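Here is the structure we will look at.
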Amino acid sequence: MKSTGRYYRPTYSSQKKTKNTRKKRNNVNYVGQPEQEPIQNSEPYTEQEADTEPVTNAEPEPVPEAVTNAEPEFVPEPEPEPEPEPEPEPVANEESEPEPEAKAKGELHYHYNNLVQFRAKDIGLGVCSRQKATILFQLIRQTPAPHFAVEIGVHLASSLVVMGAVVKGKGTCVGIDPYKPYVQKSLPKVQERLNKVDQEWVHETACKTISTHDLDSTVKIVRETSEKYASKIKNHSVTFLHIDGNHDYDFVKQDIRLYKSKVMKDGVIVCNGYNFLDVRKAVDELLGNNKSFKQVTCSTNLPYLIAFKKIK
């Protein structure tokens, strides 16, 4: 018998097996058995077994499991379809409808940030807050064009420059202030601070502010009292009136009485200092119960401002 390595193939002449031995050998399972040394003296295979390949004792190769945590195959996302270009908005002229509110607010922030850059911290007076500038801006835009805006009580022109910026290119703006010491009995603390201020310096500062912001062709300051200048304004010619002069009852009542007839239909009157008793009393008497005027609500409400629109 010749050996061919680890397993051998016996010759046909040595294949003499009994039936019991053949059955016993056929029941042997070679799969999964531990590795053994080559058998030299084992009994020969049968002719049928000789034609088959020998069974090895090596462990079967494991079947690879499906990879569950593998990254998914990259699939490029489809490119989004380009959005259609918006149609250009028509250019609005003076007689067209007001621009959208969002654009109006953007213009307001531009005017406020670029024009109202000063603060009267040295005297604590003459400051136009952002909220007040917002209200003035909104109300002026609601009035008909061309605009003719009038302010009584200019001081440092903080409110006047906002008004002038809104009507620039669409009208004119006049500020009335005598720039002389005056008595304000209802507000003694304010009067005390005003007495310490040089009115000539205040007037020069207001004029420089207007010139600095390129509003000389739109805004004009008149150094007269509101009582004297009233006769120079035609009736039904004012589109926007801002009353912010002497806050004593008699002076507020006088300003309203002299200038309410100057305001045209759909024009607006704004009174500053409504949180003071004297101002509130005069406004309620002459405008609150007047059927020709209707109170206007603003998106930004301030307790010291009240506005009325002339309806007839």
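The values are calculated or read from the model by the stated rules, or taken from the named source; none is laboratory data. Quick caveat, the model's predicted, so the values are computed rather than measured. Every residue, glycine among them, receives a Cβ derived from its backbone with ideal geometry; neighbour counts consider all protein chains shown. Note: areas computed on protein heavy atoms with side chains; ligands, DNA, RNA excluded. Shrake-Rupley method; radii C 1.70, N 1.55, O 1.52, S 1.80 Å.
Quick notes on this structure:
- Cβ crowding within 10 Å averaged over residues, with 285-292, 171-178, 263-270 ranked highest first: 171-178, 263-270, 285-292
- Nonlocal amide H pairs with VAL222, under 5 Å, H built at 1.01 Å: GLY175, ILE176, ASP177
- Distant-in-sequence amide H partners of GLY267 (H built 1.01 Å from N, under 5 Å): LYS310
- For region 178-312, the solvent-accessible area works out to 55 Å² per residue, with a probe of 1.4 Å and every protein chain left in place.
- In Hz, Karplus ³J(HN,Hα) per residue of region 176-183 (6.51, -1.76, 1.60; θ = phi - 60°; x = Gly, Pro): 10, 6, x, 6, 9, x, 9, 9
- Within the accessible area of region 128-247, the carbon and sulfur atoms contribute 52%, probe 1.4 Å, all protein chains present.
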